[in-house]
Structures are given as C-alpha cells and as structure tokens.
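See below for the structure under consideration.
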Amino acid sequence: MQGLLRFWGTAFLLCLTLFFAVSTVAIISNTWFGEARFSGGPDRVAVIDLKGVIYKSGAFTRKVSRLLEDGKVKALVVRINSPGGLVGPSQEIYQSLRRANEKIPVIASIGSLGASGGYYAALGARKIFANPGSLTASIGVISEFANLEGLYHWAKIERFALKSGKLKDVGSETRKMTSEEREFLSAMLKDIHDEFKSTVQTQRKLTPEETEKWTDGRVMTGSQAFKAKLIDSLGGIEDALVEAKKAANLSEKAPVEYPEAHKKGILKELLGSDDDDLVAESFLGSIKSFLQSPVAQTKWRILLLAPLQ
C-alpha cells in the first residue's frame, strides 16, 4: 500500500510540476514576446477578435493598446462573434475602439453573431460590416429572475436573508418580487437601455423616430440591419480588410496581421482558453478551491507527502 501511494504521489507531483512549467513558459512568452514578432516590418492592417460572452474587457483593451503602440499598424479590423454580455465591459470595449479610431481607422466585421453587447462594441468603429445572414442588433437590456419559493417549500428548505437595506436582496429567488422592487429594477434597466439607445442614435446618425423603432431588443439579420442603417455594408472579413486598407491609404497587397493565429495553443489545450487573464484566473481559482477543500486536507495530502516518506 505504501509503495502504491508513493507511486501515485510521485506521478501527481511530476504532473503538477510539468503543468506549472508549461503554463509559466507560455504565459511569459505571450506576455513578454507575444507581440514582439509583429513589431517593425511593413505598414499593415491588424485583425483582433471579439468572441464569446463579454464579461470582462481588460484583455481585449490591452491588445488594442499594444497594437496602437506599434507604429506600423495603420488600421484595425475587429472581428466580432459575440452574443453580448455584461453592460460595463461592453461599454469599455466600445470606448476603447472609439479612442483607437481617432488614431487609426477601425472597421468592425460581424461574423455569425454580433448582438447586444457585441453590437454595442461595434459602434466604436467608423464602419460596420456584416454578412447578409449574420445576426445582429438586439439593442436592449434584459435581467432574468426566478422565484423558487415553492420549490424550497416542497424540499423542506427554509432560506432567509439578513439585510441592512430593504432593496439589498432585490431579485432574491426565495420570495416573490414586490411592486417596489419591480419598479426599481425596471427603472435601472431603462436607464441602461437609454444609454444604449443614445449611443446608437449618435454613432449611426439616426433620427429619434428611427432609434425608437429599431432599439426594442429585436434581433436582425445583416440584411435587415443594413436597411435599418444599423450597419454600413454587407460583406465578410475580406470586405472589411479591403475597406480598412483603403481608409489607411495602404495598397491592396499590404500585409494583414493575425496575432491570434500565432499564439501558443498549449494554454487552450490545458485550460480551454488562449486568454492569459482567463488562464491565470481559472488556474489560481482552481488551486485555491482545491487547497481549501476537505479532500486536500486528507487524501491528496497523503499523495503529496508519499514520495517523501
């Protein structure tokens, strides 16, 4: 039994050491040298991806900043494949692209999906492209809640909250929502929606009547969005690249930089993401949860100590 524990403990330590080593090398490589390979060289257009649910903006905005620091990047194409996400990060990405567009041309290219917060981000570009079959718009705000009071009662589970303010537990699933809480949340969502609508009206140069008509939360195809003046042109990524080169006064043969295509794939293989921030957060969170779990206090501690015994 002791020999078996020693074997598995040694194997566990070797795997953990290898994981740390590979992750550290990959993160350092991407952080310190990941952009260096693109510095210098001819004038070019850079492509950056905005994909998946938007729940943070730091990694994306830092990539934009690094590209702007490279004097040879003369235009930026943002390839969007996102259903949206949190309001704050979407607004920060929009502002980042808007500021970038003041320095170099920024063109947005909506792939299969660029809706809600994804469309909000696209508004920071000077022109928006979408395929006829792309799904976009969805200019609205939503917040969903569930009342599980009946379920808790059925399961004989009693839940309650101690709070210092009457609206502190607004949206709680343990009880019905009061009319005051409903009014409070509706007013908050209206405020966020009004900000979204104002940005759409300003950036797309719509009349108040057009804005009210198209900002009711409906999803549109690219063709419908073009007719509603929510995008500028129908076309894919290649059309957006042609427009970007034209706006930056580059030749048709100017090179295109695809940073994501050159990144190390080991992080994605290990943790399912190429985003260094997501990798670090996921990895450290997993380690913290593991060390705090009862399992780590017993069985795994035996495995860790076994090789030393």
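Read-outs: derived from the displayed coordinates by stated rules, not from any lab. Because the structure is predicted, anything quoted here is derived from the model rather than measured. Cβ placement follows ideal geometry from the backbone for every residue including glycine, while neighbour counts extend to all protein chains displayed.
Bridge orientation summary for the range 90-225: considering DSSP beta bridges with both residues in this region, about 30 percent are antiparallel.
Amide H to amide H, with H built 1.01 Å from N, ILE231 comes under 5 Å of PHE226, counting only residues 5 or more places away or on other chains. Pairs of Lys residues in the range 79-219 are counted when their Cα atoms are under 21 angstrom apart and they lie 8 or more places apart or on different chains; the count is 12. Under a 5 Å amide H cut-off, with hydrogens placed 1.01 Å from N, LEU113 pairs with SER82, LEU135 among residues at least 5 apart or on other chains. Descending by average beta-carbon neighbour count within 10 Å, the peptides 175-185, 41-51 line up as 41-51, 175-185, the highest first. The ranking of PHE60, PHE226, PHE160 from fewest to most other beta carbons within 10 Å of each one's beta carbon is PHE160, PHE226, PHE60. Kirkwood Rh over Cα pairs of the range 163-218 into Stokes-Einstein at 4 °C, 1.567 mPa s: D in µm²/s? So the translational diffusion coefficient is about 97 µm²/s. Applied to the range 78-89, the Karplus parametrisation 6.51 cos²θ - 1.76 cosθ + 1.60 on θ = phi - 60° returns per-residue 3J(HN,Hα) values of 9, 8, 10, 9, 8, x, x, x, 6, 5, x, x Hz, with x for Gly and Pro.
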